[in-house]
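The values are calculated or read from the model by the stated rules, or taken from the named source; none is laboratory data. In this text the structure is predicted, and so the values were computed from the model without any measurement. Neighbour counts run over all protein chains shown; Cβ positions are idealised from the backbone, glycine included.
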Amino acid sequence: MILHIDGLYKSFGDKEVLKGLCMDVPEKSVFGFIGKNGAGKTTTMKTVLGLIRPDKGEIRVNGEKVTYGNTATNRYIGYLPDVPEFYPFMTAREYLTFCGEVTGMEKKAMESRTDELLELVGLKDEKHRIKGFSRGMKQRLGIAQALFGRPKLLICDEPTSALDPVGRREVLDILSAVREQTTVVFSTHILSDVEKICTDVAFIENGVISISGKLSDIKKRYRNDKYILETETPEGICAVLKAFPSAKESGGNMLTFSEKDESVKEIMLFLVENDISIVKLEKAEPTLETLFLEVTGK
Amino acid sequence: MRATIVCIKKEMTEQVRSGRLVILGMVFVLFGIMNPAVAKLTPWLLTAMADTMAETGMTVTVSDPTALDSWAQFYKNIPMALIVFVLVEGAIFTREYTSGTMILSLTKGLKRYKVVVSKALILILLWTACFILCFGITYAYNEYYWDNSVAGSLAFSAFCWWLFGIFVIGLLVLFSAVLRSGMAVLGACGAVVFAMSLANMAKKITEVLPIYLTEGQALICGRVEKGSFTAAIAISIAISFICMAAAVLVFNRKQL
């Protein structure tokens, strides 16, 4: 495990944000950390970085314990805050050079790393100072600086939330491109982003992790035997409902039924015999959205 | 060590590109020129006004200005220059708290004390350079127009005032580590200096207060002895060190 969190508690005043959060991030995964706004995602990440002192609990990064303040574990971590802010008076190249110098990198290695990363995030030909950068550009530079020291763990706090669709696409592409080199943990409330690139997920709700694991396993676990049938006309639905009373109407010429009640074959046969034209008949795959809503109890 | 130098370089770049260095330079040069200029022009202005004054029954006697008049101006103006310095540089820490720029460097493993050390050093360096600039310009003009030798303990009085600036920088660094907003830092520094000027009224403790270092005017006129500054110098140096050390300790535990 590259990141291991055990029983993390944190309150701000009388507001309890984390209530015994436990989480494990396997190496070389793209880990989606999902939760509503205010669920405690940022607090968790900042605690991992030693920027917030937890009330209780233990965090280990690459097996080493995280301490508040000057934590040595940060040498394994690259961090991208939700709204990364850089020194506006520098150019992208100067900023990355500054990052390299701060971490004490060799000059040669630093220059080649800077070139490599600027190329990766598409800022190679950008000569302007950072103060004129768009949000998307800042976000991309943010990824570059986070990756600078070849971290074992890349932590991104809502990297796509503030971006337009193009910017989001770019950031997601970069994140999935770097998964070969590092483990990526990113928090988000945009579920389609998670479905696009994540291998593992954890849902945070009310200060604890409610579900976590491999995305495919979770989907399998929550997969049900439900089917959705949509016909072209309302009459078609009525006829099916009459013949198969256990099916449930779900509005808009659609109904759902469960395989344990009705055999799919029989329904198909019925549709053919009665000449009912359909729009679709499909197995209901659980989307993260339905999962998310289920988890958050809405 | 290397990381500290990198940080100092970064601070310097910021001073240059943000225009703060130019502002400070202009202010201190202006004050430096103003001191002898005011000393030179005051008699001339008074003579010009003498006739009108005479009509109202006032007689004006104009004595020739000396270097002492110019130095008197210097010690009258340098507090203003220090205030400008603090206003311009007061947000050197807090600006990074509000923007969050510091978090990125710290999460890369930059030791926190290096941030404090580099910022404190750049402040000391700037104050020293600005002070020398202002002092030097006044000195040069005075030497050209009059004779600096009439002012006693000139270098010593300047050192005392410079040290007072360092003391204020110590306060600035400490309050920047403790507080979050630039206004609060300025307020706290102002409050300490104000409290000292109040305490200064109690004649018994005058000589141990760092604010005693600002009595340069009295020093060059020979109204006070050099020896009377020993306590204030020692205490100011001690407080400045304590402030910087405390700032490092506080900053190490600060939630950013």
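Brief remarks on what is shown
- For the residues A:G104, A:G100, the requirement of being within 14 Å of chain B (Cβ to nearest Cβ), within 28 Å of A:I59 (Cβ to Cβ), modelled with pLDDT under 90 and assigned to a helix (DSSP H, G or I) singles out A:G100.
- Put simply, of B:A50, B:A39 the only residue that is closer than 24 Å to B:G136 by Cβ and either outside any loop (DSSP other than H, G, I, E, B) or within 35 Å of the chain's Cα centre (by Cα) (or both) is B:A39.
- Test: residue in segment B:92-108 that is at positive phi and away from chain A (no Cβ under 14 Å): no
Every residue, every condition in (1) without any contact (Cβ under 8 Å) to a residue 40 or more places away in the chain; (2) within 14 Å of chain A (Cβ to nearest Cβ), yes or no:
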{"residue": "B:L209", "(1), (2)": "yes, no"}
{"residue": "B:G216", "(1), (2)": "no, no"}
{"residue": "B:G227", "(1), (2)": "yes, no"}
{"residue": "B:S236", "(1), (2)": "no, no"}
{"residue": "B:S240", "(1), (2)": "no, no"}
{"residue": "B:F251", "(1), (2)": "no, yes"}
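- Every condition in (1) of a type outside the set (S, T, N, Q); (2) at positive phi; (3) over 26 Å from the mean Cα position of the chain (by Cα) is met by A:K108 except one, and the failing one is (2).
- Flag if B:V185 is under 21 Å from the mean Cα position of the chain (by Cα) and closer than 30 Å to A:T47 by Cα: yes
- Applying the set (1) touching a strand residue (DSSP E or B) at 6+ places or on another chain (Cβ under 8 Å); (2) at pLDDT 85 or above to A:E249 leaves exactly one unmet item: (2).
- Filter result for A:E266 (part of a strand (DSSP E or B) and farther than 25 Å from A:V48 by Cα): no
- Count of segment A:121-161 residues which are within 13 Å of A:I77 (Cα to Cα), among the β-branched types (V, I, T) and either within 11 Å of chain B (Cβ to nearest Cβ) or part of a strand (DSSP E or B) (or both): 1
- Residue under evaluation A:L255, criteria (1) part of a helix (DSSP H, G or I); (2) free of Cβ contacts under 8 Å to residues at least 40 places away in the same chain; (3) of a type in the set (A, V, I, L, M), criterion not met: (1)
- Neighbours by Cβ (under 9 Å, 6+ apart or cross-chain): first from segment A:71-94, more than 7 Å from chain B (Cβ to nearest Cβ); second of a type in the set (F, W, Y): A:G78/A:F148; A:L80/A:F186; A:P88/A:F133; A:M90/A:F98; A:A92/A:F86; A:A92/A:F133; A:E94/A:Y87
- Which numbered condition B:V185 misses (of (1) in contact with a Lys or Arg (Cβ under 8 Å, 6 or more places away or on another chain); (2) surrounded by 15 or more Cβ atoms within 10 Å (Cβ to Cβ)): (1)
- Residue among B:L125, B:L172 that alone is modelled with pLDDT of 95 or more, buried (at least 19 other Cβ atoms within 10 Å of the Cβ), on the phi < 0 side of the Ramachandran plot and more than 14 Å from every other protein chain (Cβ to nearest Cβ): B:L172
- A:T114 meets the conditions (1) at pLDDT 90 or above; (2) facing chain B (nearest Cβ under 10 Å); (3) part of a helix (DSSP H, G or I) in every case but one. The failed one is (2).
- Residue list for segment A:209-240, restricted to those being modelled with pLDDT under 85 and more than 15 Å from A:L281 (Cβ to Cβ): A:I218, A:K219, A:K220, A:R221, A:Y222, A:R223, A:N224
- Lone unmet requirement of (1) surrounded by 15 or more Cβ atoms within 10 Å (Cβ to Cβ); (2) farther than 24 Å from B:F74 by Cα for B:I211: (2)
- Of the helices (runs of 4 or more DSSP H) lying entirely inside segment B:67-157, those containing at least 3 residues that are touching an Asp or Glu at 6+ places or on another chain (Cβ under 7 Å) are B:112-145.
- If you go through segment A:29-70 and keep only what is facing another protein chain (nearest Cβ under 10 Å) and acidic (D, E), you end up with nothing.
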